Amino acid sequence: MNIVGISAFYHDSAAALIKDGEIVAAAQEERFTRKKHDDSFPINALKSVLEYSGVDINDVDALVFYDKPLLKIERLFETYAAYAPSGIISFLSSIPVVLKEKLFIRERIYSDLKRLGLNRDDFDILFSEHHISHAASAFYPSPFEEAAILTVDGVGEYATTTIGYGDKN
């Protein structure tokens, strides 16, 4: 089974390939574009990890995105509603951008994958919670079979700090 993980459209875009449960390759987009904190779709990083691992894009079983965009939009609306009307200027300037960028991420990803030669309609795009993505990126490559996992981050769908427990897979 070949699974691609990507981070994109916020900062530090990257791609990783997991083949049969093992991390095979990973790369950040900025290494190819020379643009610090590149937030674009990581097309060069994805090409690189596929080429390195000898996997064709049409042999990838699923792609996992690092957060749940609809949950993030929900959080933003709830936050703005809780502080209304004082945040109206911020709301009016940011929500159109957020909706444009977050609402149609699945379609944006499909479009970019077609640029890589994806020619399947049954391609799965999955969305992981932001802090679970952080936890997984620390736990799975670690040498530990089990561990307590603490994530502290300024943004996520709702949480900014989470604690979890990793046990094998």
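Among the residues of the stretch 93-111, just one is among the acidic types (Asp, Glu) and within 14 Å of the chain's Cα centre (by Cα), namely Glu101. Taken together, the residues in the stretch 149-160 that are open to solvent by 40 Å² or more (accessible area, probe 1.4 Å), in a strand (DSSP E or B) and touching a residue at least 12 places away in the same chain (Cβ under 8 Å) amount to 1.
Among the candidates Ile23, Ile43, which residue alone is within 18 Å of the chain's Cα centre (by Cα), of a type in the set (Val, Ile, Thr) and at pLDDT below 95?
Going through Ile23, Ile43 in turn, the sole match is Ile23.
Does the stretch 10-32 contain at least one residue that is charged (D, E, K, R), surrounded by fewer than 15 Cβ atoms within 10 Å (Cβ to Cβ), at positive phi and in contact (Cβ under 8 Å) with a residue 24 or more places away in the chain? Yes, the stretch 10-32 has at least one match.
The values are calculated or read from the model by the stated rules, or taken from the named source; none is laboratory data. Here the structure is a predicted model, which means the values were calculated and not measured. A quick note on method: Cβ atoms are made from the backbone with ideal geometry, for glycine too, and the neighbour counts reach across all protein chains shown. We work out accessible area using only protein heavy atoms, side chains counted, and drop any ligands, DNA or RNA first. Shrake-Rupley method; radii C 1.70, N 1.55, O 1.52, S 1.80 Å.
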